[in-house]
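Take a look at the structure below.
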Amino acid sequence: MIHMMSREDSYEMLAKNLVDEVIKKTLYRLEESNMLQSPTVVREEDYEIKDIKWLTIEEFSPESAEEKIHEFIETWEYDDCWLYCIDFLGEEEFEFDKRYVFRARWSIPTRRKPIPRATASIYFTFNVSKIKPKTFPVEVYYVFETNRLVHKPGFSRFREKWLKDIIESKVLMTSTVTF
């Protein structure tokens, strides 16, 4: 019995073969250029992301939230030359929660330049529910300036490079502006 392939089956098979061929060629190129053995890709399976005990809804106040941000930042690994300050930016009220926003502004002042040319900010949001039991923890999120990725404490590892990249891009941009 001869099985006739439908037109959809033949297209599907052709697409699968094309994808397989592209994957083979890419792997071959990576092997040839030693990219697969490169030390630039490092897996950190044994790294433990540090976190702290955050506030419950009943414990929350802007002052205690600022203290918790300081405590959380202390779990990060970064060079001692960095300084930061935390500002309370305000609160927004919604139907089911209140959101409190803080900014941690980072810089590297030096003796020669005590006022830095650029700073990098991390925005922390505390989501305080109006409907959950008061013993539930407050939800905390943070975002790096110029970035859309939302981080949740205990789930993503802080990278000092992110702060450096923000400052570097600001310095580059301001150097192109002439008055």
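The values are calculated or read from the model by the stated rules, or taken from the named source; none is laboratory data. Owing to the predicted nature of the structure, the values given are computational and were not obtained by experimental measurement. With ideal geometry, Cβ positions are generated from the backbone for all residues, glycine too; neighbour counts draw on all protein chains shown. Only protein heavy atoms, including side chains, enter the accessible area calculation; ligands, DNA and RNA are left aside. Shrake-Rupley method; radii C 1.70, N 1.55, O 1.52, S 1.80 Å.
A few comments on the model shown:
- Where labels lie 7 Å past Cα in the beta-carbon direction, separation of ASP87 and ARG111 in nm: 2.9
- Over 20 Å between alpha carbons, listed pairs LYS68/LYS98; LYS98/LYS134; LYS113/LYS164; LYS50/LYS134; LYS68/LYS152: LYS50/LYS134
- Taking a sphere under 9 Å around the Cβ of ILE86 and counting the other residues whose Cβ falls inside, with K and R at +1 and D and E at -1, yields a net charge of 0.
- Largest-first ordering by accessible area, 1.4 Å probe, given options LYS132, LYS68: LYS132, LYS68
- Förster radius 35 Å - calculated FRET efficiency between LYS134 and GLU77 (Cβ-Cβ, nearest 0.05): 0.55
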